[in-house]
1. Of all the residues that make up region A:282-303, how many are in contact with a strand residue (DSSP E or B) (Cβ under 6 Å, 6 or more places away or on another chain) and at pLDDT below 90?
2. Considering (1) out of contact with any strand residue (DSSP E or B) (no Cβ under 6 Å at 6 or more places or on another chain); (2) crowded, with 24+ Cβ neighbours inside 10 Å, say which one residue B:194 fails and leave the rest.
3. Is it the case that region B:169-191 has a residue that's farther than 23 Å from residue B:61 by Cα, crowded, with 18+ Cβ neighbours inside 10 Å, within 14 Å of chain A (Cβ to nearest Cβ) and out of contact with any helix residue (DSSP H, G or I) (no Cβ under 7 Å at 6 or more places or on another chain)?
4. For region B:229-239, give me each residue that is touching a helix residue (DSSP H, G or I) at 6+ places or on another chain (Cβ under 6 Å), over 17 Å from residue B:120 (Cβ atoms) and surrounded by fewer than 24 Cβ atoms within 10 Å (Cβ to Cβ).
5. Hey, could you check region A:108-133 for residues that are modelled with pLDDT of 95 or more and in a strand (DSSP E or B) and say which is surrounded by the fewest Cβ atoms within 10 Å (Cβ to Cβ)?
6. Does residue B:208 meet the test of being away from every other protein chain (no Cβ under 14 Å) and over 18 Å from the mean Cα position of the chain (by Cα)?
7. Could you check, for region A:220-231, whether at least one of its residues is in a strand (DSSP E or B) and in contact (Cβ under 8 Å) with a residue 24 or more places away in the chain?
8. Of the numbered conditions (1) farther than 20 Å from residue A:194 by Cβ; (2) free of Cβ contacts under 8 Å to residues at least 60 places away in the same chain; (3) within 14 Å of chain A (Cβ to nearest Cβ), residue B:284 fails exactly one; give the number of that condition.
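The values are calculated or read from the model by the stated rules, or taken from the named source; none is laboratory data. If you're wondering where the values come from, they're calculated on a predicted model, not measured in any experiment. Don't worry about glycine lacking a Cβ; one is built from the backbone with ideal geometry, like all the others, and counts go over all protein chains shown.
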């Protein structure tokens, strides 16, 4: 169906969005009154919009017999699409407003960058005649926002081998946990000792590291260290820090994050799990932006070297049944 | 998490033990099948015990028993020597599979190598002599319908090498990705084409051997003796073995499969048969915590079952 037809059917497309907004608000708030409060419009208007949708679609949307307004199976089937449409409209709105203002470019960076570093970035942008807006988003959201056009520029995650910017990853642990003896963490020391009843510590990662190529590599490294990768969990920094302090969990993070959270930190002995970044931006911007961004995320020059190969076992033997 | 529908337990306490093992394995990312059975009382606990699973080296047990029966019936000379040609032997990390120079070994000694150190070359040479149809016929004759022996050890190596195009990582990935019970890209892992049995089928085989109900009493006795000399003790025996508790077992390890079957014996005639068949969803060659999870499961089951 074309937008023209949709506009005729609902009078106009903007009306459709307002109607969907009302429906989603009622379902989320489980009440017409609370939905009206949230939307800042009178309750009868909310009721009418939901009723209009029911009339146009010819199906009841809310089960009004229950005390709370619960969505009917029909409503449950269409709700995800309604939410999707609203989200896209919101993005469109943001893109329209930033385009209207002119040359503002939004740059996506990882969450929790130190303010002074970001301030220096904004100053440098002004000196280069660029009006820059900065949005802090975890890696996966930055990627999505870049693809949808919400972000013009972004620091995107890439494997450490291809990265122009590398952030050493380490383990944050409770101050009570003894640090690694050689100054760097080897994952295998986290294995419970045989005969001990202490389980492996819960392994936590931050939303910034919740991207598949990284998690996949982490799972492999954990499995290679003789632990189950099934227990790796993504937690936001606050919850993660609480788990580390109170429940003996360990958190994979950079030094800066550990310091902000008040946790002990030491780097991993292997560099293969380091965060790798690439600035998605025109070359003219990259030149002055990359050094400033490196400072903002606590990065080091991308001097990643492949670890030396260990003595190869007979490769054919790996395929043979053993024991 | 392991499918709760497959939980079996002879009473509430045993069901709880089975559930606890299934939960522990699930939390470690281990898919699997488990059955423990007290041979004296018949009491059982386990889960997923009826699903056919690729056997890896556990398949050496019925092949060895077939050969031992032929020897005891006088149809196979235990002293008959077989030429070991390093250019042709099946690959493996132990025993005659490692030989770099030609040798001759007697059939009975090849069986001992196959069962005690899981020698792939040895069991394939025994299988060459016995013939796969004779193994199948013997299993049918013993009433072990659930155990299918269709190929030598070498087929595991060949099919994994072929499917992975020479890449071990890819072969492991294919083994992990294959949904249980479905046709696998790796022939030896395919329930329709590979060597397969269910945990129940294996426990029934062990029970029959320990009670000398199949083959011949002397063949059963020799199989029991050789299994009790097992060198790989990192799984079922890991947390059980002591001077008071004896474990006779056979492991199976291939790609992401880590199996062990055993009869655990203690004083006062206690005999508990256990089959633990696992499939891990991780890409690693060694998984000490999976081995220990099997050991821990075996200990829980043994202590609950022996009464």
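1. Qualifying residue count for the region: 3.
2. Status for residue B:194: all satisfied but (1).
3. yes
4. Within region B:229-239, B:229, B:234, B:238, B:239 meet the criteria.
5. A:109
6. Numbers: away from every other protein chain (no Cβ under 14 Å): yes; over 18 Å from the mean Cα position of the chain (by Cα): no.
Taking the combined requirement at face value, the residue does not satisfy it.
7. Here is the first cut: in region A:220-231, the ones in a strand (DSSP E or B) are none.
No, the conditions are met nowhere in region A:220-231.
8. Here residue B:284 clears every test but (1).
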